[in-house]
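The numbers here are math on the coordinates, done by the rules we state, and not lab data. Being a predicted model, the structure only gives us computed values, none of them experimental. All Cβ positions, glycine included, derive from the backbone under ideal geometry; neighbour counts span all protein chains shown.
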Amino acid sequence: MAINYYNEGVDMPQIEKSKITLWIKEVAASYGKRCGEISYIFCDDEKILEVNRQFLQHDYYTDIITFDYSAANTISGDLFISIDTVCTNAEQFSQEYVRELHRVIIHGILHLCGINDKGEGEREIMEAAEDKALSLIFE
């Protein structure tokens, strides 16, 4: 199984793919999951809006869209990340771009592991899980 990184309409982010891959596997394992086929597609706002409209019938920009193909304890999925929105969010929340990018990268994995963020109290659980995961890579 593999974790793959692609870019569409944007430059590939300057990330340490091998380090991120190990980090993702470590975080997944902490939830009793193993990684199957996972694809990250880094794109721009227009592409993520197109994906949001086409597949989710949502007419707005977002930082990440996660398509979950997981089965049993193996997580798999396609994760679209808008680099434009990651940049905007980093500025808006006074975060370093690299940290915000890693937050979004792991956010999708946490969704695949079963953590949600839409219901009451779920946002706080997701944020705590993101912070815990980020502490593993930003030591």
Could you go through segment 40-53 in sequence order and give the Karplus-derived ³J(HN,Hα) for each residue, using 6.51 cos²θ - 1.76 cosθ + 1.60 with θ = phi - 60°, rounded to whole Hz, and x for Gly and Pro?
9, 10, 7, 9, 9, 4, 5, 5, 5, 5, 4, 5, 4, 5
Stretch gain in nm, segment T88-Q57, where the contour uses 0.36 nm per residue and the Cα spacing is subtracted
8.9 nm
Can you pull out the GluC sites (Glu not before Pro) in segment 11-89 whose DSSP state is coil and whose Cβ has at most 14 other Cβ atoms within 10 Å?
E16
If every Lys and Arg gets +1 and every Asp and Glu gets -1 at its Cβ, then about the Cα centre the chain yields a dipole, in debye to the nearest 20, of 620 debye
Estimated inter-spin distance, R34 and A71, nm [label 7 Å along Cα→Cβ]
1.4 nm
Are there trypsin sites (Lys or Arg not before Pro) in segment 1-31 that DSSP marks as loop and that have at most 14 other Cβ atoms within 10 Å, and which are they?
none
Roughly how many Å is it from the Cα centre of segment 1-59 to that of segment 79-93, as a whole number?
13 Å
The list (1) 0.98; (2) 0.93; (3) 1.05 gives values of Rg/Rh (Cα atoms, Kirkwood Rh), and only one came from this structure; which label was calculated from it?
(2)
With the charge dipole of segment 3-137 built from beta-carbon charges (+1 for Lys and Arg, -1 for Asp and Glu) about the Cα centre, the Cα from F80, C43, I137 projecting farthest to the positive end belongs to I137
